[in-house]
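Q: Sharing a structure with you now.
The values are calculated or read from the model by the stated rules, or taken from the named source; none is laboratory data. Since the model is a prediction, treat every value here as computed from it, not as a measurement. All Cβ positions, even for glycine, are placed from backbone atoms using ideal geometry, and neighbour counts span all protein chains on display. SASA here: full protein model, heavy atoms, side chains in, ligands and nucleic acids out. Shrake-Rupley method; radii C 1.70, N 1.55, O 1.52, S 1.80 Å.
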Amino acid sequence: MFAPASGHAVFDREQGERQLALEYLADAWNCAEDDGVQSAALAHASLFAALATFVKMHGDEATADLISMLPDRIRSGEYNLDRILQ
């Protein structure tokens, strides 16, 4: 499902570390799929792990505020892996 980061992803000032992290996650994701784990299960587990980490680091309220911004970001294509940036 995931290809290694192409270098065209939109990241903030921590671009290098986030790109490396995405590459690690892509490798783990692909290995899990090769072992027969369904993409939906991986996505749910990834979201749970990410949200639990944000709650631990920043608290419930800050995490809820972050999540409340996701619908607009999703609709704008920010998480579309097929999106072409110009």
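Q: For the range 46-73, how many residues meet the condition of being within 23 Å of Ala28 (Cβ to Cβ) and open to solvent by 100 Å² or more (accessible area, probe 1.4 Å)?
A: 4
Q: Residues of the range 74-86 being of a type in the set (A, V, I, L, M, F, W, C) and open to solvent by 80 Å² or more (accessible area, probe 1.4 Å), which ones?
A: Ile74, Leu81, Ile84
Q: So which residues in the range 10-40 are free of Cβ contacts under 8 Å to residues at least 12 places away in the same chain and surrounded by fewer than 11 Cβ atoms within 10 Å (Cβ to Cβ), if there are any at all?
A: Within the range 10-40, Asp12, Arg13, Glu14, Gly16, Glu17, Tyr24, Cys31, Asp34, Asp35, Gly36, Gln38, Ala40 qualify.
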